[in-house]
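Chemist: To start, I am sharing the structure in question, which I have written as structure tokens.
The values are calculated or read from the model by the stated rules, or taken from the named source; none is laboratory data. Just so we're clear, the structure is a prediction, and the values are computed from it rather than from any experiment. We place every Cβ from the backbone using ideal geometry, glycine too, and count neighbours over all the protein chains shown. Keep in mind that these areas ignore ligands, DNA and RNA; they rest on the heavy atoms of the full protein, side chains included. Shrake-Rupley method; radii C 1.70, N 1.55, O 1.52, S 1.80 Å.
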Amino acid sequence: MERVNRIDGFSFGRKSLSPKERENLRQEKRQQQKEEGYQLLAELCRLGEYDAARNLANKNSIWGYEIIDGEVMEKEV
């Protein structure tokens, strides 16, 4: 934390990120979404909801998964 007398009331929030920092944040967010998506798909398959998992995987193709024989598989590019 900064001391009160060092805070500039006319500055606009935090400093802006560099393009590299922005790209790193985007990649981290994509990876986190992919991992969370896998967990959702795996849980649906575990519950026997293969059609729901297949539909979810198709709607979120950015995750890169598909459902084959009731299992979550990574799509081949």
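Chemist: Compute the relative contact order of the chain as a whole-number percentage, counting only Cα pairs closer than 8 Å that sit 6 or more residues apart in sequence.
Modeler: The value is 21 percent.
Chemist: Let me ask another. Work out from phi, with θ = phi - 60° and the Karplus expression 6.51 cos²θ - 1.76 cosθ + 1.60, the ³J(HN,Hα) of each residue of segment 52-66, listed in order in whole Hz, and give x for Gly and Pro.
Modeler: Once rounded to whole Hz, the list reads 5, 5, 4, 4, 5, 5, 5, 6, 10, 4, 5, 5, x, 10, 9.
Chemist: Between the DSSP loop rule and a limit of at most 13 other Cβ atoms within 10 Å, which trypsin sites (Lys or Arg not before Pro) in the chain are left?
Modeler: Here the trypsin sites (Lys or Arg not before Pro) that fit, given the DSSP loop and packing criteria, are Arg3, Arg14, Lys15, Lys75.
Chemist: Straight-line reach from Lys59: which aspartates and glutamates have Cα under 20 Å away, leaving out those fewer than 8 places along the same chain?
Modeler: Cα-Cα hits under 20 Å: Glu35, Glu36, Glu43, Glu49, Asp51, Asp69, Glu71, Glu74, Glu76.
Chemist: Also, I was wondering about something else. Please give, to one decimal in nm, the separation of the simple spin-label points placed at Glu35 and Glu76, each 7 Å out from Cα toward the Cβ.
Modeler: Here the modelled spin labels are 2.8 nm apart.
Chemist: Right, something else. Quickly estimate the mean residue ellipticity at 222 nm for the chain, helices only: each DSSP H run with n ≥ 4 gives -39500 (n - 2.57), and the total goes over all residues, rounded to 500.
Modeler: -17000 deg cm²/dmol
Chemist: Any idea of the accessible area per residue across the chain, 1.4 Å probe, to the nearest Å²?
Modeler: Per residue, the chain has an accessible area of 92 Å².
Chemist: For the chain, max minus min Cα coordinate along each principal axis, in Å, sorted largest first?
Modeler: On the principal axes, the chain reaches 63, 27, 16 Å in Cα extent.
Chemist: A further question on this structure: Residue farthest toward the positive end of the dipole of the chain, with Cβ of Lys/Arg at +1 and Asp/Glu at -1: which of Gln27, Val4, Tyr65?
Modeler: Val4
Chemist: When the chain is fully extended, how far beyond the present Cα-Cα distance does Glu28 get from Asn5, taking 0.36 nm per residue of separation?
Modeler: Separation in residues times 0.36 nm, less the Cα-Cα distance, equals 4.7 nm.
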